[in-house]
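Supplied in structure tokens, the structure appears directly below.
The values are calculated or read from the model by the stated rules, or taken from the named source; none is laboratory data. Quick caveat: nothing in here was measured; it's all calculated off a predicted structure. For neighbour counting, all protein chains shown are included, and Cβ atoms are generated from backbone atoms with ideal geometry for every residue, glycine included. Heavy atoms of the whole protein, side chains included, go into the accessibility calculation; ligands, DNA and RNA do not. Shrake-Rupley method; radii C 1.70, N 1.55, O 1.52, S 1.80 Å.
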Amino acid sequence: AVSCKESGFGVNLKSDPKDLTFYDDPELSYSIEKPVKNWDEKRKQWLNHHPSFAAGASERIVVVTGSQPKPCKNPIGDHLLLRSFKNKVDYCRIHGYDIFYNNLLLHPKMGSYWAKLPVVKAAMLTHPEAEWIWWVDSDALFTDMEFKLPLQRYKNHNLVVHGWPELIYDKKSWTSLNAGVFLIRNCQWSMDLIETWSNMGPISKDYKKWGEIQRSTFKDKLFPESDDQTALIYLLYKHKEKYYDHIYLEGEFYFEGYWVEIFGRYENTTEMYLAIERGAAELRRRHAEKVSEQYGAFREEYLKSAGNGKGSWRRPLITHFTGCQPCNGDHNKMYDGESCWNGMVKALNFADNQVLRKYGFIHPDLLDSSIVSEVPFDYPADEGPW
């Protein structure tokens, strides 16, 4: 017998005790302009009142993403956004993560790259059961559907972002990290960071001044306005003693990887993984989607020589199409639009093949999304289970 009181992940979704919590405080505000205090204690209290969520809370993740509230100017933009969202839903379903998609400005002044911060704060308040909020830009695609974040590595940190210390402190570059993908702990430290970070954005009366400060500090910054990425780098650069020990600059794998150096390698990566599977029956075995993580763990043994990051033939966790602007079509002039859109289609189909395989099909051509073929499971005769 199955208890309908519990979800498939062992938590009680129907119980909300009448005990008072922070949600009953009339002063509670989700607005980016109003600070939250004593969040660690409030969150702990909520978990005490909802004990089924307490188990596993330290590894619970909510993925947050979104797009603009209006239809795309680029004719292919809405289709790419839809497939980008499907990509994230697939990843979350495989790993048991919740996902929230937002397509509204939660603060009228916080648009463009600043729009993520009000959403992340609101998600933290809305999900006290989650230890981590994982922001992923709409143009960032999961391209290793099995890979799980090494959360144990971040146990003493509250923010994880792809970055390189030498580019911050030696080169003083505004591209020394990428703020389009970040993992942030659901705690008071993070609430305080978001407050400080946001106050370098359009809600600040000093917004223009912050742009000038950023540009004078980071000479390679291309535009005059204060942006979220340079603002975060500025905090790390100017206040290293306050922030550096709490922020993990992940550079050991593609926490998010620049698409130009990745998308041409998908076919070769596919062949390398197939070669591994031909010699490892446990990886080629058909299996239910819900146990995919186990096969990801099996695969690690065979990926020791693959390396990580640039030059590796390992699947990148996330391919980030920075500069492509798939919705408005105003891509960076370094690329032509076709390379951006074709690159996104290849990345989406590369990831989709990892999902479709469990349903018995694949895209044989990464540039043709409309065609699928059945997956051959060709065990050697002496290894097959049947």
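Which numbered condition trips up residue 152, out of (1) over 12 Å from the mean Cα position of the chain (by Cα); (2) in a loop (DSSP other than H, G, I, E, B)?
Residue 152 satisfies all of (1) over 12 Å from the mean Cα position of the chain (by Cα); (2) in a loop (DSSP other than H, G, I, E, B) except (2).
Rundown of residues vs (1) buried (at least 17 other Cβ atoms within 10 Å of the Cβ); (2) not charged (D, E, K, R), yes/no style:
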| residue | (1), (2) |
| --- | --- |
| 39 | yes, yes |
| 60 | yes, no |
| 66 | yes, yes |
| 78 | no, no |
| 97 | yes, yes |
| 112 | no, yes |
| 118 | yes, yes |
| 129 | yes, no |
| 132 | yes, yes |
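Suppose we filter region 21-37 for residues that are closer than 19 Å to residue 201 by Cα, aromatic (Phe, Trp, Tyr) and open to solvent by less than 90 Å² (accessible area, probe 1.4 Å); how many remain?
Taking region 21-37 and keeping what is closer than 19 Å to residue 201 by Cα, we get 30-36.
Narrowing the set further to residues that are aromatic (Phe, Trp, Tyr) leaves 30.
Next cut, open to solvent by less than 90 Å² (accessible area, probe 1.4 Å) only: none.
Within region 21-37, residues that are closer than 19 Å to residue 201 by Cα, aromatic (Phe, Trp, Tyr) and open to solvent by less than 90 Å² (accessible area, probe 1.4 Å) number 0.
Sort through 203, 233 and tell me the only one that's surrounded by 18 or more Cβ atoms within 10 Å (Cβ to Cβ), among the aliphatic types (A, V, I, L, M) and not in a helix (DSSP H, G or I).
Working: 233 fails: not in a helix (DSSP H, G or I).
After applying the criteria, what remains is 203.
Could you say which residue among 212, 146, 225, 195 is more than 26 Å from residue 310 (Cα to Cα) and touching a residue at least 40 places away in the same chain (Cβ under 8 Å)?
None of the other options fit; the residue is 195.
Among all residue pairs at least 6 apart or on different chains, which show Cβ distances below 7 Å where the first residue, located in region 85-97, is closer than 14 Å to residue 350 by Cβ and the second is crowded, with 18+ Cβ neighbours inside 10 Å and modelled with pLDDT of 95 or more?
Close Cβ pairs satisfying both conditions: 87/141; 87/142; 87/348; 87/351; 90/145; 90/355; 91/142; 91/145.
Could you list, in sequence order, all residues of region 298-355 that are modelled with pLDDT under 90, surrounded by 15 or more Cβ atoms within 10 Å (Cβ to Cβ) and assigned to a helix (DSSP H, G or I)?
Result: 337, single match.
I'd like to check something: does region 199-209 contain any residue that is within 27 Å of residue 55 (Cα to Cα) and free of Cβ contacts under 8 Å to residues at least 60 places away in the same chain? Even if it seems obvious, please write down each step before you answer.
Initially, region 199-209 is screened for residues within 27 Å of residue 55 (Cα to Cα), giving none.
For region 199-209, residues within 27 Å of residue 55 (Cα to Cα) and free of Cβ contacts under 8 Å to residues at least 60 places away in the same chain: absent.
For region 206-230, what are the residues that are under 27 Å from the mean Cα position of the chain (by Cα) and open to solvent by 70 Å² or more (accessible area, probe 1.4 Å)?
Correct list: 222, 225.
Further question: Quick one: in region 164-188, which of the residues that are of a type in the set (Phe, Trp, Tyr) and not in a helix (DSSP H, G or I) is surrounded by the most Cβ atoms within 10 Å (Cβ to Cβ)?
Of all residues in region 164-188, those of a type in the set (Phe, Trp, Tyr) come to 164, 169, 174, 182.
Retained after the next criterion (residues that are not in a helix (DSSP H, G or I)): 164, 174, 182.
Values: 164: 16, 174: 22, 182: 25.
This residue is 182.
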